[in-house]
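The values are calculated or read from the model by the stated rules, or taken from the named source; none is laboratory data. In this text, all values refer to a predicted model and were calculated from it rather than measured experimentally. Virtual Cβ from ideal backbone geometry, glycine too; neighbours counted across all protein chains shown. Accessible surface areas use protein heavy atoms only, side chains included; no ligands, DNA or RNA. Shrake-Rupley method; radii C 1.70, N 1.55, O 1.52, S 1.80 Å.
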Amino acid sequence: MTQKTTIRDVAKYAGVSVATVSYVINGVNKVSDETKQRVLQAIQDLQYQPNFTAVSLSTKKSNMFGILIPLVEDTLAPVFAGNQYYSELISGIEYVSRKSGYDFLISGASNPNECRNWVTKRNLDGLLFLGSFPEKLYEEMKTLHTKIVLVDAYEEYSRLYHNIRMDDELGGYLAARHLAERGHSRIAFVAPGINNPIDRRRFLGFENALKEHHISVNPEWIFLSGDGAFQSGYNVGMRLMQSEATAAFATSDILALGMIKAIHEHNKEVPHDYSIVGFDDLIISQYSSPSLTTVRQDVFNKGAIAAQTLIDTVESKQPQAQTVTLPVELAVRDSTRFL
């Protein structure tokens, strides 16, 4: 087995002291450019890999941040197994992080004390919270003075941090208006829960569009799925077919696709029998059968913007907390039709 190259090997190869190599690795401006280049060349020639744990302890900076996601039944498994949204969001985070020389860890947001210990143990430079930011967690996190960026958080104290959101109310409005303009008046609303701040805003937009078209919201056509999983959408699709509604707006593509599967398996057709609109415009929505009409939020881009905002905050380029509301638009495909 080849012996691992050490910092002493690099120092000997470059003809400098161990301290000089350490200065170069840690970005300490105590060596000349000529010496720095000699050390960097030695590192490259010897394929030396610095111990970043030691570097982190020396510089107080780890170039690593954490991603915290709300748990479902004390695990993240259902989050990733049943919802492609998080995969696309984290892909955007990963792309920007890697380009900027940062790594990240993912964990479930649960017990505040456990989260605190996780942050301090890993010496994380910053945190991305995806979704809700519970008050108990907020109270614990603010004692750490760790840089934080929120994604889709609506709690009152979320204004104290950078917050990346979508125009959820406009999205609900565009979906309902689209269905109403195609002659539908019996339109269902489908969401995990009406009290969720994101879905509540989508419902407000949905309701406003129907009012503009003199259509009343029928409480019997508000279907709450409990979560955003595909199977939950399938179950709602079964309930939809037992109602008199002819169209539905689902607050996620995954729910909408589950509904379409249920409808097709029971000898009905989309859009002939039911028009369905989703929300997210996940990649899979373009390739479903039929392709899904949906409210497009660029999920990858949202993750990329969130990561860049956190990196800028860690590097003190964005000291002032800001809320960024990203635009949405309607992507009209084959899952809706004129009556």
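A few notes on this one:
- Residues of the stretch 213-272 classified as in contact with a Ser or Thr (Cβ under 9 Å, 6 or more places away or on another chain) and aromatic (F, W, Y), total: 2
- Qualifying residues in the stretch 188-218 (those that are in contact (Cβ under 8 Å) with a residue 12 or more places away in the chain, not in a helix (DSSP H, G or I) and not β-branched (V, I, T)) - the one most open to solvent (accessible area, probe 1.4 Å): H213
- Selected residue (criterion: farthest from G233 (Cα to Cα)) from residues of the stretch 65-103 that are modelled with pLDDT of 75 or more and open to solvent by 70 Å² or more (accessible area, probe 1.4 Å): K99
- No other residue among T336, T313, T325 is part of a helix (DSSP H, G or I), open to solvent by 10 Å² or more (accessible area, probe 1.4 Å) and in contact (Cβ under 8 Å) with a residue 12 or more places away in the chain apart from T313.
- Condition check for S62 on (1) modelled with pLDDT of 80 or more; (2) outside any helix (DSSP H, G or I); (3) hydroxyl-bearing (S, T, Y): one failure, at (1).
- Whenever a residue of the stretch 219-237 is outside any helix (DSSP H, G or I), its partners that are modelled with pLDDT of 95 or more and of a type in the set (K, R), lying with C-beta atoms within less than 7 angstrom and at least six residues away or across chains, give the pairs F223/R239.
- Among the residues making up the stretch 291-310, those that are open to solvent by 30 Å² or more (accessible area, probe 1.4 Å) and of a type outside the set (F, W, Y) are R296, D298, N301, I305, Q308.
Every residue, every condition in (1) open to solvent by less than 50 Å² (accessible area, probe 1.4 Å); (2) at pLDDT 85 or above; (3) not hydroxyl-bearing (S, T, Y), yes or no:
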residue: M1; (1), (2), (3): no, no, yes
residue: Y13; (1), (2), (3): no, yes, no
residue: T20; (1), (2), (3): yes, yes, no
residue: V24; (1), (2), (3): yes, no, yes
residue: S32; (1), (2), (3): no, yes, no
residue: R38; (1), (2), (3): no, yes, yes
residue: N51; (1), (2), (3): no, no, yes
residue: S56; (1), (2), (3): yes, no, no
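- Taking the criterion of being in contact with a Gly (Cβ under 7 Å, 6 or more places away or on another chain) and either within 30 Å of L257 (Cβ to Cβ) or at pLDDT 95 or above (or both), the residues of the stretch 311-339 that qualify are V328, F338, L339.
- Breaking point among (1) within 14 Å of the chain's Cα centre (by Cα); (2) in contact (Cβ under 8 Å) with a residue 12 or more places away in the chain, for D74: (1)
- For the condition more than 30 Å from D125 (Cβ to Cβ), buried (at least 17 other Cβ atoms within 10 Å of the Cβ) and in contact with a strand residue (DSSP E or B) (Cβ under 9 Å, 6 or more places away or on another chain), S288 does not qualify.
- Residues of the stretch 244-281 that turn out to be assigned to a helix (DSSP H, G or I) and touching a residue at least 40 places away in the same chain (Cβ under 8 Å), as a count: 6
- The stretch 112-133, residues that are under 17 Å from I164 (Cα atoms) and either among the small types (G, A, S) or more than 17 Å from the chain's Cα centre (by Cα) (or both): G126, G131, S132
- Residues (open to solvent by 10 Å² or more (accessible area, probe 1.4 Å) and under 16 Å from F230 (Cα atoms)) located in the stretch 262-279: H264, E265
- Residue satisfying condition, being farther than 30 Å from R333 by Cα and free of Cβ contacts under 8 Å to residues at least 12 places away in the same chain, within set N123, N117, N163: N117
- Tally of residues being open to solvent by 10 Å² or more (accessible area, probe 1.4 Å), more than 15 Å from E135 (Cα to Cα), in a helix (DSSP H, G or I) and not aromatic (F, W, Y) across the stretch 147-177: 4
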